[in-house]
């Protein structure tokens, strides 16, 4: 018998998860036996809606899914909590009714099957706590409380997203975006320290309203080093734009590389670390490589105590919001594919006006596209020139407002 409230809930979820213009396939109990024909048609998204519980050979079924999923496609599995089958069968035993013969699949079991099928899990989260449609009560249970203990373990439905395991990509082109403001003393040193990554590399400086001679120093260094360095140098004047987030977006808009890398001009992270970011992304360890400064000991006063506390708070909050573990949300060094950024850009909501640095935009956007986010540990050093451009309390308030909107969008789905 159809459950109209549940069907409506699942349809809304699929619309929320599915990016625009993606070729997709929905597999349910009604069509699972003949949905995969001999023709290997490639889908960008495949949804399995409560079908693995009934499948006699889950691994063979996932092998078929693998063949029909595009190389960079996403698999979304919606599955029931096996505790519900256990309780239902327990009640059936006491009432002398027929036991419901279903596969009892835990999250661990599904992750094991996916790994055997050459898939990598991205996110596993509760989806729906109750099928009942009780005004306000169902909303609180299904959109908020199910993310907290013990409701998250008792939820009726869960979902999991996964991608194909892939191998090294060939060397490709890279654009390194470097926002610069009041960093005149670092420009020459930075250029001498940058590693050559990719088969073609360009370095794009985005200068924004410096009060020292940063603009003149960048122009001077470009003229001096353009012919001797193995990468192309560009300069963008930020113009009417303000802040790092705007500078990064302007740099991305002019970038020609297939991989986009963000690097801070204060050199508090050594430029040589960029090689690690490049290797991580071309080896498909992740699709957004996020620097993490909170693994290794910090040098001196590289990060003040209040900043550390704030960063840990936002890291815990965003790990919960997006369902992927993140230890450092505000590290300025990141790498991603340009094609993924263009999709993120299309889906940017009004929340971006509250993000002064652009980090949350990328994390939230990557999560909405079901991209794999990984932390790459880096050492964090004290800056040797100038002072920080961060306004601790003003920027902290902006990030908090952004976070509330992110909760509304990703968790409450309003």
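From the helices alone, meaning DSSP H stretches of at least four residues, give me the mean residue ellipticity at 222 nm for the chain, per-run term -39500 (n - 2.57), in deg cm²/dmol to the nearest 500.
Values: 14 runs with 151 residues, N = 414.
Helix-only estimate at 222 nm: -11000 deg cm²/dmol.
Put one equal scatterer on each alpha carbon of region 1-83, apply the Debye formula with no solvent term, and list log10 I(q)/I(0) at q = 0.12, 0.23 1/Å to two decimals.
-0.36, -1.26
What ranking, highest mean first, results for peptides 224-237, 164-177, 355-368 when packing means the other Cβ atoms within 10 Å averaged over each residue? Mind showing how you got there, number by number?
Details: 224-237: 14.1, 164-177: 16.4, 355-368: 23.9.
Final packing ranking: 355-368, 164-177, 224-237.
Taking neighbour Cβ counts within 10 Å as the exposure measure, how do 263, 385 sort from fewest upward?
Numbers: 263 23, 385 15.
Ranking 263, 385 by Cβ neighbours within 10 Å, fewest first, gives 385, 263.
For region 317-383, state what percent of all Cα-Cα pairs lands in each successive 5 Å bin, counting from 0 Å until the bin that includes the largest distance.
Going from the shortest bin to the longest, the percentages are 3, 14, 28, 26, 18, 6, 3, 0.
What number, in nm² with one decimal, is the all-direction average of the projected area of the convex hull of the alpha-carbon atoms of region 357-414? Don't skip to the answer; put the middle values down first.
Values: hull surface 22.0 nm².
Quarter of the Cα hull surface area: 5.5 nm².
Starting from 0 in steps of 5 Å, tell me what percent of the Cα-Cα pairs of region 173-411 lands in each bin.
Taking all Cα pairs of region 173-411, the binned fractions are 1, 6, 15, 19, 22, 18, 12, 5, 1, 0, 0 percent.
Please quote Rg/Rh for region 127-199 to two decimal places, taking the Kirkwood radius as Rh and restricting both calculations to Cα atoms. Please report the intermediate quantities before stating the final value.
Values: Rg = 24.8 Å, Rh = 17.9 Å.
Using Cα coordinates only, the ratio equals 1.39.
For the chain, count the residues as N, evaluate 2.2 N^0.38 Å, and divide the Cα radius of gyration by that value, please. Walk me through the numbers before you get to the answer.
Details: Rg = 24.0 Å, N = 414, 2.2 N^0.38 = 21.7 Å.
Dividing the Cα Rg of the chain by 2.2 N^0.38 Å gives 1.11.
Packing-wise, with mean Cβ within 10 Å as the measure, how do 74-82, 116-124 rank, highest first?
Highest mean packing first, the order is 74-82, 116-124.
Restricting things to Cα coordinates, could you compute the convex hull volume per residue of region 184-262 in Å³? It would help to have the intermediate numbers written out before the result.
Details: hull volume 7.3 nm³, N = 79.
Residue-normalised Cα hull volume stands at 92 Å³.
Please report the equivalent ellipsoid semi-axes of region 231-332, computed as sqrt(5 x eigenvalue) of the Cα gyration tensor, largest first, in whole Å.
They are 24, 18, 16 Å, listed largest first.
Tell me the Kirkwood radius of region 168-218: reciprocal of the mean inverse pair distance over distinct alpha-carbon atoms, in Å. Mind showing how you got there, number by number?
Details: mean 1/r = 0.0826 Å⁻¹.
Kirkwood radius, region 168-218: 12.1 Å.
At 37 °C and 0.692 mPa s, what whole-number value in µm²/s does Stokes-Einstein give for the translational diffusion of region 232-288, with Rh from the Kirkwood sum over Cα pairs? Display every interim value, and only then the final one.
Numbers: Rh = 13.1 Å.
It diffuses with D of about 250 µm²/s by this estimate.
Once you have the Cα-Cα distance between residue 63 and residue 390, take 0.36 nm times their residue separation minus that, and quote the gain in nm to one decimal.
Values: separation 327, 0.36 × 327 = 117.72 nm, distance 4.96 nm.
Length difference between fully extended and current span is 112.8 nm.
To make sure I understand, if each residue's beta carbon is the centre and we count other beta carbons within 10 Å, what order do 337, 320 fall in, fewest to most? Walk me through the numbers before you get to the answer.
Working: 337 20, 320 17.
Starting with the residue having the fewest Cβ neighbours, the order is 320, 337.
If you take the C-alpha gyration tensor of region 4-164, multiply each eigenvalue by 5 and take the square root, what semi-axes do you get, largest first, in whole Å? Could you put the intermediate results ahead of the total?
Working: eigenvalues 142, 80, 43 Å².
Ellipsoid semi-axes (Å, largest first): 27, 20, 15.
Here, each number is a calculation from the coordinates, and none is a lab measurement. These numbers come from a predicted model, not from an experiment. With ideal geometry, Cβ positions are generated from the backbone for all residues, glycine too; neighbour counts draw on all protein chains shown.
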